[in-house]
1. In degrees from 0 to 90, rounded to the nearest 10, what is the angle of the helix 359-368 Cα long axis to the longest principal axis of the chain?
2. Rounded to the nearest 0.05, what FRET efficiency is calculated for Val476 and Tyr247 with R0 set to 41 Å and r the Cβ-Cβ distance?
3. Please list, short to long, the whole-number percent of alpha-carbon pairs of the chain in consecutive 10 angstrom bins beginning at zero.
4. Helix 4-26 versus the longest principal axis of the chain: what is the Cα-based angle in degrees, 0 to 90, to the nearest 10?
5. For the chain, which longest stretch is free of loop sites, where a loop site is one of the chymotrypsin sites (Phe, Trp or Tyr not before Pro) that DSSP puts outside H, G, I, E and B and that has at most 13 other Cβ atoms within 10 Å?
6. Taking loop as defined by DSSP and a crowding limit of 12 other beta carbons within 10 Å, which trypsin sites (Lys or Arg not before Pro) in segment 466-536 fit?
7. Please report, in whole Å³, the volume per residue of the convex hull around the C-alpha atoms of segment 432-556.
8. For the chain, what is the mean residue ellipticity at 222 nm derived from helices alone (per DSSP H run of n ≥ 4: -39500 (n - 2.57); sum divided by total residues; nearest 500 deg cm²/dmol)?
Amino acid sequence: MMNDFSRKSFLLVCLTGVLFSLFQSCKSSAPITAPPSESYADGLEDGYPSKVFSNLPKTLYYRAIEMDMPQSLREFRGVWIATVANIDWPSSPNDPYAKQKEDFIKLLDYYKSLNFNAVIVQIRTAGDAFYPSRYAPWSKYLTGTQGKRPETMEDPLSWMILESKRRGFEFHAWLNPYRATMDLDIQSLSPEHDFFLYRNWMIQYGNRYYYNPGLPEVKAHLLKIIEEVIKNYNIDAIHFDDYFYPYKVNGQEFNDQATYRQFAKNGQSLEDWRRENVNTLIYEINQLVKREKPWVQFGISPFGVWRNIDKDPKGSNTRASQTNYDDLYADVLTWMKNGWIDYLIPQLYWSMDYEPAAYRELVNWWSSNHYNTTIYIGNGPYKIRDNDDRAWNDPFQLIDQLSLSNITPNMSGNSFFSAKSLYQKNRDVADLLKQYHYEFPVLSPIPHRKILPPPPLPNPILILHGAGHAFQFDKVISPDYRYALIYTAPTLPDLQRRNSVTNFQKIYMDDNDRFVVPILSYEDKPYIALSFIDRYGVETKPMVFKIEGKLLTRTE
């Protein structure tokens, strides 16, 4: 037996050893950088070959699992937010700016709840702007009076983009190039409007004024407008709708014959000259976008019929009263053949079997005439229960349309006109849309274009963070990465299938310090997959982890 002195010495040595061990394990909250241990596979489900590593002995609280994971599913789920005439937003130009912001956030949150992933927001309606511009006055649809600044020091467009991205939306900046006014009331125009600055650019047609597309000065001006937006804003796309040369008005001529005589090539018809004017603008915008920010997309949503078959055997079996090629002088197929646009959203705002222009016929026609361009379908829920075509009284009309486009080759998603049609009314149809097609969130597609590889990612470790966990990196994550994607699931099969018990986060990287990425929905789901989305929309290879115990390292 030890005497009292020996017993005390022994206890002192033991205590010193324990304290030293605790000090060694707890003295620092810096990332643990010990080399990986040998691989082992205990605790993994059968049928999942992998290498499992721990950066400390396997009593550590988590493991990194080397295994193949499927990339996230892709489908475009967009909505047009029309500002012209205050169709969707702002609900009133006379509302206080704070109220307009509140309404915009409610609109975003609603479509996020339906698992949409893109908003197409109209920022130029008719020679105006929803942002501070050197080339256009403030829109009256934002402030009530054209040219009047909003009562804020904030840039409304920067704010809209930020709030959209925080909710995981792509932001497509929608501009109308050639429409100069919405009516003939020139007294309501700002002195800064192009009507007064460049009167010779304007052509009156119907009850509006239009920019003359045949003038080189008009094209140069429009390019400056696009360049200003691309350079100054963190957008994902430049977007045009279906308005090029105006829809024809019976008994009136678009008075550009003098410009045609001045600039047309020898023997060139008026119609071909007009198409060339639009083609040149589309080509030069494509070149501008690629030069300034090649990751920004350029997309167009034309009228749904290229040509009727009675005008061209390559046309669709339709009887549309006006068409892109013959009336709007929009040579859509040329844009696609030459790779001048990244995506196309033909506006198929007709019911499935509408005789003059059936949705069924046109989905198949655009599928066969995509020319390696990413195609989404534009759907018209604004017609639900509000159209002479009684097919729109069926709440499943829209659901059936998506079912068809989903099984049709070369179709990559849908966009809906307009936001209020499923937000202010027809919410029952919106619920059906989510139930049958949009049950789970997905990523938007990657259009067919040249993609540059991003820089490599630093390695993460898992840490305690607030009341949950986070990934911490030893180096800053490059600004080339826009989002972090985090999936959490109770089992590996659930994680791989991304099923209903799997939680999903899409975290906008500009909202954090690019060193720490929080896991907001860990709960009781120990399997975690982490990947990143770069500026082009490309997803990195998912990294897989399993949390098995308590964490040693904490950050706040």
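The values are calculated or read from the model by the stated rules, or taken from the named source; none is laboratory data. Quick caveat: nothing in here was measured; it's all calculated off a predicted structure. Note: ideal-geometry Cβ built from the backbone for every residue, glycine included; neighbour counts use all protein chains shown. Only protein heavy atoms, including side chains, enter the accessible area calculation; ligands, DNA and RNA are left aside. Shrake-Rupley method; radii C 1.70, N 1.55, O 1.52, S 1.80 Å.
1. Approximately 70 degrees, to the nearest 10.
2. Values: r = 51 Å, r/R0 = 1.25.
Once the sixth-power term is evaluated, E becomes 0.20.
3. 3, 15, 24, 23, 15, 9, 5, 3, 1, 1, 0, 0
4. 10
5. On the way: sites that count: Tyr40, Phe396.
Value returned for the longest uninterrupted segment is 41-395.
6. Details: sites: Lys475, Arg482, Arg497, Arg498, Lys506, Arg514, Arg535; in loops: Lys475, Arg498, Arg514, Arg535.
Hits after loop and neighbour filter: Lys475.
7. Details: hull volume 15.9 nm³, N = 125.
Roughly 128 Å³ of hull volume per residue.
8. Numbers: 14 runs with 154 residues, N = 556.
The helix-only estimate for the chain comes to -8500 deg cm²/dmol at 222 nm.
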